[in-house]
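I have placed the structure first, in the form of structure tokens, so that the comments after it can refer back to it.
The values are calculated or read from the model by the stated rules, or taken from the named source; none is laboratory data. Computed from a predicted model, the values in this text were never measured in an experiment. Here the Cβ is made from the backbone with ideal geometry for all residues, glycine too, and neighbour counts use every protein chain on show. These area figures cover heavy atoms from the full protein model, side chains too; ligands, DNA and RNA do not enter into them. Shrake-Rupley method; radii C 1.70, N 1.55, O 1.52, S 1.80 Å.
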Amino acid sequence: QKEVEQDPGPLSVPEGAIVSLNCTYSNSAFQYFMWYRQYSRKGPELLMYTYSSGNKEDGRFTAQVDKSSKYISLFIRDSQPSDSATYLCAMSNGGSNYKLTFGKGTLLTVNP
Amino acid sequence: EAQVTQNPRYLITVTGKKLTVTCSQNMNHEYMSWYRQDPGLGLRQIYYSMNVEVTDKGDVPEGYKVSRKEKRNFPLILESPSPNQTSLYFCASGPGGASYEQYFGPGTRLTVT
């Protein structure tokens, strides 16, 4: 079983839709959770950073972590064509090597 | 502007010709790391550094070397590149301490023929 599973998509939605992106994981030691956005031919850009379970909101983006289910989500409200990118989830167990374990990414297209 | 920079951005080389990819950050971060990104395999950590002169292997270190002589710089060295090192490489940095977030550079696309 892979440590982090993420549906690769592609996911195509109309402009203005609410987008839900998800990852599941198997390692119960993960306690730091991140979402990155990666545009084509660019480096991953940190969108959201959360510790342990709960919700965090930043503008149109909401990150949710459910450690009991080993499930994390990123919601994008009022999606825009500029949100079209690959979204990567990443996790860390808080170890001294600061290693991030990534999902393989979900390709999102928001159509005008 | 706070950023991680990498050079070169694109590189085509031949098997066995030593090369160095530079990485620099201006955020005074303790932690720096190198990843490679390959289709179907995602992002995998090559090496990381907790501070000056402190480096350690990640998940895929074979064929790579690193050094951390200054806090801001973390070059990746391929002493004898091979075609299976053709990949997209990212440098990342993070504050360390109690913070596990990392910030990525723009990437270096390497082709080894």
**Study point:** Relative contact order of chain B, pairs being alpha-carbon contacts under 8 Å that are 6 or more residues apart, as %
**Key:** 36
**Study point:** Net charge dipole size for the stretch B:1-91 [Lys, Arg +1 and Asp, Glu -1 on Cβ; Debye, nearest 20]
**Key:** 220
Review point. When Cβ neighbours within 10 Å are restricted to other protein chains, what is their mean count per residue of peptide B:89-102?
Key: 4
Review point. Carbon and sulfur together cover what percent of the accessible area of chain B at a 1.4 Å probe radius?
Key: 51
Exercise for review: Taking the Cα centre of the protein assembly as shown as origin, work out the dipole magnitude from +1 charges on Lys and Arg Cβ and -1 charges on Asp and Glu Cβ, in debye rounded to 20.
Suggested key: 580
Practice item. Run down the lysines and flag those whose C-alpha is under 22 Å from the C-alpha of A:K104, throwing out any fewer than 8 positions away in its chain. Key: A:K2, A:K42, A:K67, A:K70, B:K57
Revision key, fill the gap. HN-Hα couplings for the stretch A:56-64 via Karplus (6.51, -1.76, 1.60; θ = phi - 60°), in whole Hz with x for Gly/Pro, come out as 9, 10, 8, x, 7, 9, 10, 9, 10
Check your understanding: When we measure straight from the Cα of B:K17, which aspartates and glutamates land under 15 angstrom away, once same-chain ones fewer than 8 places off are left out?
Key -> B:E79
Review point. Which of the GluC sites (Glu not before Pro) across the stretch B:41-101 are loop residues per DSSP, with 12 or fewer other Cβ within 10 Å?
Key: B:E53, B:E62, B:E70, B:E79
Exercise for review: With θ set to phi - 60°, apply the Karplus curve 6.51 cos²θ - 1.76 cosθ + 1.60 along the stretch A:32-47 and write out the HN-Hα couplings as whole Hz, x wherever there is a Gly or Pro.
Suggested key: 10, 10, 9, 10, 10, 10, 10, 7, 4, 6, 10, x, x, 10, 5, 9
Point to revise | the stretch A:35-112: Cα Rg divided by the 2.2 N^0.38 Å rule of thumb | key: 1.14
Practice item. Please report the relative contact order for chain A, taking Cα pairs under 8 Å with a sequence separation of at least 6, and give it as a percent rounded to a whole number. Key: 37
Revision key, fill the gap. Of all C-alpha pairs within the stretch B:1-94, those more than 17 angstrom apart amount in percent to 46
**Study point:** Surface accessible to a 1.4 Å probe, per residue, for the residues of chain B, Å²
**Key:** 46
Review point. Based on the Cα atoms of the protein assembly as shown, what semi-axes does the equivalent ellipsoid have, where each is the square root of 5 times one gyration tensor eigenvalue, given in whole Å with the largest first?
Key: 29, 20, 16
Review point. Are there trypsin sites (Lys or Arg not before Pro) in the stretch B:11-77 that DSSP puts in a loop and that have at most 13 other Cβ atoms within 10 Å, and which ones?
Key: B:K17, B:K18, B:K69
Check your understanding: Out of the stretch A:52-112, which trypsin sites (Lys or Arg not before Pro) are coil in DSSP terms and have no more than 14 other C-beta atoms within 10 Å?
Key -> A:R60, A:R77
Review point. Accessible surface of B:R9 in the full protein assembly, 1.4 angstrom probe, to the nearest 10 Å²?
Key: 80
